[in-house]
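Contents: one structure, followed by commentary.
The values are calculated or read from the model by the stated rules, or taken from the named source; none is laboratory data. From a predicted model like this one, the values you see are computed outputs, not experimental measurements. Cβ coordinates were reconstructed from backbone atoms using ideal geometry, including for glycine residues, and neighbour counts include every protein chain displayed.
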Protein chains: 2
Amino acid sequence: MKKIAMIALGCALGFAAGPSVAQDSALTQDIMDHADALGKRALASSLTEDVITSLTTEVGHRLAGTANDKKGRDWALAKMTAMGFDRVWEEPVTIPLWHRGTASARVTAPYQHNMAIVALGNSIATPEGGLTAEIAHFDEYKDLVAAPVGSLDGKIAYISFRMENTGVRGAKGYGYAGQARRNGSVAAAKAGASAIIIRSIGSDDNRTPHTGSMNYAEGVKQIPAGAISNPDADNLDRIIKSGKPVTVELNMTSHSHDPVVTYNVLGEITGTDDPEKAVMIGAHLDSWDLATGALDDGTGVSIMMSAAKHIIDGGKKPKRSIRVMLFAAEEEGLYGAHEYVRAHKEDHKDFDNTILGAEWDSGTGRIINFAPGVGSTSLNVVREMGKVFAPYGVSTLMTNSAKGQSDMSALGNAGMPAINFGMEPTNYFDFHHTPNDTLDKVDMPAITHNAAIYAMFAYMAATVDVDYKK
Amino acid sequence: MKKIAMIALGCALGFAAGPSVAQDSALTQDIMDHADALGKRALASSLTEDVITSLTTEVGHRLAGTANDKKGRDWALAKMTAMGFDRVWEEPVTIPLWHRGTASARVTAPYQHNMAIVALGNSIATPEGGLTAEIAHFDEYKDLVAAPVGSLDGKIAYISFRMENTGVRGAKGYGYAGQARRNGSVAAAKAGASAIIIRSIGSDDNRTPHTGSMNYAEGVKQIPAGAISNPDADNLDRIIKSGKPVTVELNMTSHSHDPVVTYNVLGEITGTDDPEKAVMIGAHLDSWDLATGALDDGTGVSIMMSAAKHIIDGGKKPKRSIRVMLFAAEEEGLYGAHEYVRAHKEDHKDFDNTILGAEWDSGTGRIINFAPGVGSTSLNVVREMGKVFAPYGVSTLMTNSAKGQSDMSALGNAGMPAINFGMEPTNYFDFHHTPNDTLDKVDMPAITHNAAIYAMFAYMAATVDVDYKK
């Protein structure tokens, strides 16, 4: 039975005072009360902590396409089955398979230092036995891009830019600095370099360098690419400042194999009224292989699975389905997400049944705001949900441009309405993609809070009778 | 010319108010004024920063007996010569030579995890190809000591005790926790173990395990010994709690060579009146090999060398000599210090000419107090020095039991009067003996402050006419 979505409340949302909720709202008091009960249930539970502890302790890393990836999927299937999901399944995704191998780097002149280095994901190896070459230093990616063809012949390009901990979108933050990692090898190869080393894209001062995916381009020579830790980059920068030629010996054995098939893992709480339609809450199950992928994205996996379990235990089924989506091969470039879009648009023709999506791939930050990206009519109902979140310290942003975070952005960009949850600042980029991404870094009360928010959100979004595209 | 040491001021020291300094004090206003000028000179200088930057950038690690140890000594000799020391020389020390080799450890059952591990200094290798054995877990060292003979046959002993950051002497601090590292292998071997793994003796949560020296005992089988990082120990503890047998594969190639000769490095500002007698300010030049030994003990080296340089540049020679002592092979067990005591007592018969000593081997902590360990007559003069330190935020402790810190304790225990400088709490044990002991961890204003204190101290102590034994 359809109800008329209530008229906008303007900017008064998030405050208890003001006109009472219109009786004709699609978001009934019953729905809101049950959502609040789910939130309280989640906050009183240790489940989110238990799930991430189990994943990181029993499985460990989950590098896409490896035996550990399979272990992670088996763990997720078994866990969701045991939790009482109505349906648990996998959907295939073909991905590149990359082997990290070993990596070492050593300054050989004018001074001698071993450096802490990791291969960037997708990098080829150095020639057997390694290569030794003079360093060509660039302050940042755009300077390397400007290097003339041939100017780096026989040299190792080095980008020393240090990211600032201003989040993904800050002017000197992860997104900007990350150009060096993602595209530096192409720019360096175009100018003739035999390899590229970058300062880790990370905000810490540990000798635990940050890996992450890098790209090659058609028609441009592939060269090996590695990242050194911030303290090693500091030291290299000091040596470069001495003005003497600096040479580095680099030895990497990383390499790619033929593509393999892995799987997105899905678990469903089947809706009572319109089960084909589903709200998707997601995270990525894969991780890099240097640690146990606790922050990236064990927290997301545990938040989604525990949020769903609280809904199951809450005893009221949603009207539409809730799908927990554990994406495959996010780290290599959102492979699982892109394949979901492709398969459900082209093969199954049911992409529109994924009516709304939200992901968590933001580590251990406590959710403090809620940003919709829905149709202008449904926006009012979505904003009403914010009233239920408000007592939990989550404010509703007055924007309506969310396209989904991480994997979910692939679905958002393909037309799915989306929600982005924002968080308080964290030291995520101290640990992201490093050997330090381990369970001790997780703020258990914060992720328990987040599971409460996701449980409330998923239940309300799947139960309220509204079309998020409208 | 001797002056009568002034009578004790009781407990009023460190305060500007109170009776004026007795005119008959050995510590004349001239000496105090010049010391204060040296302190101000030091605080206005970047020299302490420059010296530690040069050492860590140009030399790197200084593992005793290695080529890098030699590089460090050559650097120190050249630097002190260039600084204008009156005399710079080396004194031989025979030390064990140990090679770190490689170390890896992997949990193989019931789950699989690579662990971040380092060999403990002096450890032997595992059998070629490594060993795989069940873990026998102990909460702490004393529990392992209590293990019956034969109870660990064919097992790897594991001590999970986590140190608390309460400094060297705290109830669960470095000294207490360190028993596992220093003597765990002997206890484990007595009970039949084939190897020992300990949780790192460190207060951080980085996957940068802490090395440090360990001992074997006559008549007890030597077994390999390694330390895993705190996050790895946390994970191993969780696996052990599952109650299933836990097996670990350990592979280490560390080994000892025949003893070699290295050297203590000394630099002297020769005294005007009684040059044979010297105040010694010291630090250890050697370091572990995992990083550049910035905190341990690059800070001490730079503090001592820059303090002396400020005295040289200050233009007033001390009456007795000031010796900067850069000890050899502290990490392996104060080899340089012990040999100094032996050689100067037995060979040169001049040990008593080292009239007072103070070391810095405490990283980057700002000096906040000054603790003497001198004769009861000279104590009053030494406490008067505290008045000069007071405006610099350094209080004088009313104890008189200092025996010297680190290497200097070997001299203090052999009868040399000593001074201990105390510091504000730091995160020293987060980085100590790890790959993270790099220049970025150094608080430059703090070590500049410390150099000011050492410059003032050394000048006053060498110039004031008093016998610290009396």
Which condition from (1) under 24 Å from residue A:131 (Cβ atoms); (2) in a helix (DSSP H, G or I) is the one that residue A:175 breaks?
(1)
Of all the residues that make up region B:240-254, how many are surrounded by fewer than 16 Cβ atoms within 10 Å (Cβ to Cβ) and away from chain A (no Cβ under 14 Å)?
1
Considering only residues that are within 14 Å of residue B:325 (Cβ to Cβ) and out of contact with any Leu (no Cβ under 8 Å at 6 or more places or on another chain), which ones fall in region B:75-86?
B:77, B:80, B:85
Only one of B:216, B:174 is surrounded by fewer than 22 Cβ atoms within 10 Å (Cβ to Cβ), among the hydroxyl-bearing types (Ser, Thr, Tyr) and farther than 30 Å from residue A:71 by Cα; which?
B:216
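When region B:196-229 is examined, which residues are found to be within 14 Å of chain A (Cβ to nearest Cβ), assigned to a loop (DSSP other than H, G, I, E, B) and not β-branched (Val, Ile, Thr)?
B:200, B:202, B:203, B:204, B:205, B:206, B:207, B:209, B:210, B:229, listed by residue number.
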So residue A:273, is it out of contact with any strand residue (DSSP E or B) (no Cβ under 6 Å at 6 or more places or on another chain) and not assigned by TED's automatic domain parsing to the domain that holds residue A:432:
no
Check on residue B:39, within 14 Å of chain A (Cβ to nearest Cβ), farther than 19 Å from residue B:266 by Cβ, small (Gly, Ala, Ser) and touching a helix residue (DSSP H, G or I) at 6+ places or on another chain (Cβ under 7 Å):
no
Would you pick out the residues in region B:392-442 that are on the phi > 0 side of the Ramachandran plot and of a type in the set (Ser, Thr, Tyr)?
B:406
Residue A:313 - would you say it is within 14 Å of chain B (Cβ to nearest Cβ), charged (D, E, K, R) and either within 23 Å of residue A:118 (Cα to Cα) or more than 12 Å from the chain's Cα centre (by Cα) (or both)?
no
Being out of contact with any strand residue (DSSP E or B) (no Cβ under 9 Å at 6 or more places or on another chain) and either assigned to a loop (DSSP other than H, G, I, E, B) or within 16 Å of residue A:159 (Cβ to Cβ) (or both) narrows it down to one of A:243, A:184, so name that one.
A:243
Residues B:326, B:397: which one is farther than 19 Å from residue B:465 by Cα, under 15 Å from the mean Cα position of the chain (by Cα) and not basic (Lys, Arg)?
B:326
Taking only region A:364-390 into account, find how many residues are of a type outside the set (S, T, N, Q), more than 18 Å from the chain's Cα centre (by Cα) and under 23 Å from residue A:34 (Cβ atoms).
13
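When only residues in region B:108-130 that are touching a strand residue (DSSP E or B) at 6+ places or on another chain (Cβ under 8 Å) and hydroxyl-bearing (Ser, Thr, Tyr) count, which is nearest to residue A:289 (Cα to Cα)? Steps first, answer last, please.
First pass over region B:108-130, keeping only residues touching a strand residue (DSSP E or B) at 6+ places or on another chain (Cβ under 8 Å): B:108-109, B:112-126, B:129-130.
Next cut, hydroxyl-bearing (Ser, Thr, Tyr) only: B:108, B:123, B:126.
Details: B:108: 16, B:123: 29, B:126: 26 Å.
The extreme case among them is B:108.
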What strands (runs of 3 or more DSSP E) lie completely within region A:313-394 and have 1 or more residues being closer than 29 Å to residue A:181 by Cβ and in contact with a Pro (Cβ under 9 Å, 6 or more places away or on another chain)?
A:354-359, A:367-373
Which one of these is under 21 Å from the mean Cα position of the chain (by Cα) and aliphatic (A, V, I, L, M): B:157, B:171?
B:171
The condition of being in contact (Cβ under 8 Å) with a residue 40 or more places away in the chain, crowded, with 24+ Cβ neighbours inside 10 Å and within 14 Å of another protein chain (Cβ to nearest Cβ) holds, among A:237, A:232, A:286, only for A:232
With respect to residue A:298, determine if the residue is closer than 30 Å to residue A:423 by Cβ, within 14 Å of chain B (Cβ to nearest Cβ) and either modelled with pLDDT of 95 or more or assigned to a strand (DSSP E or B) (or both).
yes
Could you list, in sequence order, all residues of region A:47-84 that are crowded, with 24+ Cβ neighbours inside 10 Å, hydroxyl-bearing (Ser, Thr, Tyr) and either within 12 Å of another protein chain (Cβ to nearest Cβ) or within 14 Å of residue A:287 (Cα to Cα) (or both)?
A:56
Could you tell me whether region B:430-446 includes any residue that is touching a Ser or Thr at 6+ places or on another chain (Cβ under 9 Å), of a type in the set (Lys, Arg), closer than 30 Å to residue B:199 by Cα and crowded, with 19+ Cβ neighbours inside 10 Å?
yes
So residue A:197 fits all but one of (1) touching a helix residue (DSSP H, G or I) at 6+ places or on another chain (Cβ under 8 Å); (2) at negative phi; what number is the exception?
(1)
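Looking at this structure, is residue B:289 assigned to a loop (DSSP other than H, G, I, E, B) and in contact with a Leu (Cβ under 8 Å, 6 or more places away or on another chain)?
So residue B:289 passes the test.
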Within region A:412-469, work out how many residues are over 24 Å from residue A:206 (Cα atoms) and part of a loop (DSSP other than H, G, I, E, B).
10
